[in-house]
1. In whole Å, what is the distance between the alpha-carbon centres of the range 146-180 and the range 60-76?
2. Per the Kirkwood treatment, what hydrodynamic radius in Å, one decimal, follows for the range 44-158 from the mean inverse distance over all distinct Cα pairs?
3. Please find the FRET efficiency linking residue 139 to residue 67, where r is the Cβ-Cβ separation and R0 is fixed at 30 Å, and quote it to the nearest 0.05.
4. Assuming R0 = 30 Å, can you tell me the calculated FRET efficiency for the pair residue 56 and residue 168, based on Cβ-Cβ distance, to the nearest 0.05?
5. How much length would be gained if the chain were fully extended between residue 124 and residue 96, taking 0.36 nm per residue of separation minus their Cα-Cα distance, in nm to one decimal?
């Protein structure tokens, strides 16, 4: 039920953002797009392009990865939602092709009312600064759900999802998503 609440929260954020932007997602024309992040805190171009919008709409500390694994780093489109309670960014390779275009998502929710260890099918992982993360591998039924990682800092719950193939071992899934989370945590609030 709580996972459904988080999914609804992210959808509401995205719909609100699309309404405000006339339904136009942010696209990145080129990976050479200049970002204003300081050295050591660089952002992938697709994330740098939406950071000002998130910061203008949400007081929640923005943690975004400095690195995205291949092929996720090739995502060109971002759909953003932000409010006083959090933010959500969904990255796509292509738009208007449903889940086939999904690459990744990053989100944060202030005071979510639950903790990540309460979610089902999660395993604890160690993150920088002594933070406990909670990993869930790709799971497939009628379709495959992305790999997930949640962690808390203060009263904010952060989540990263990556669209990895179910043929990737759980160990490699964990390694990939943990590296993404590590880069976000080590970079600190943007």
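Values in this text are rule-based calculations from the coordinates and carry no lab data. Not measured: the values here are computed from a predicted model. For neighbour counting, all protein chains shown are included, and Cβ atoms are generated from backbone atoms with ideal geometry for every residue, glycine included.
1. Comparing the Cα centres of the range 146-180 and the range 60-76, I get a distance of 12 Å.
2. Working: mean 1/r = 0.0656 Å⁻¹.
By the Kirkwood definition, the hydrodynamic radius is 15.2 Å.
3. Working: r = 25 Å, r/R0 = 0.82.
E between residue 139 and residue 67, to the nearest 0.05, is 0.75.
4. Values: r = 36 Å, r/R0 = 1.21.
Working from the Cβ atoms, E equals 0.25.
5. Values: separation 28, 0.36 × 28 = 10.08 nm, distance 3.51 nm.
Here the answer is 6.6 nm.
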